[in-house]
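Down below is the structure, laid out as structure tokens.
The values are calculated or read from the model by the stated rules, or taken from the named source; none is laboratory data. Keep in mind it's a predicted model, so treat the numbers as computed, not measured. In this analysis, Cβ positions are derived from the backbone assuming ideal geometry, glycine residues included, and neighbour counts consider all displayed protein chains.
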Amino acid sequence: MEKVAVLEELRTHLPVSHDRIVYVGDGSSDIHVMLHVNRLDGLTIAVSENRYITQIARARSERRRLERADSDSGGDSEVDSTAIRALFDHMDSC
């Protein structure tokens, strides 16, 4: 079964909002599902040196950071995806 189809199957059974999806990818087989998660306004994380996967994940993360800065929502209950990304980037550099 294709990864996007598996993700959508999980979404039908789990009460998770589309913007609360976090997908971690490490290879070229993850590109389609990462793009799909990005379109759903979820968070994608690249755990790979593959530059295309890293660009997909970082571009989405940067856009979300800018959207949050513009909204000035101050949502303390929201998960800070930029902080999570920084943590994973730091761990990756160690």
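Being under 10 Å from the mean Cα position of the chain (by Cα) and either in a helix (DSSP H, G or I) or hydroxyl-bearing (Ser, Thr, Tyr) (or both) holds for only one residue in Asp19, Asp30, and it is Asp19.
Evaluating Ser48 against the criteria (1) assigned to a helix (DSSP H, G or I); (2) surrounded by 11 or more Cβ atoms within 10 Å (Cβ to Cβ); (3) modelled with pLDDT under 85; (4) not aliphatic (A, V, I, L, M) leaves one unmet condition, (1).
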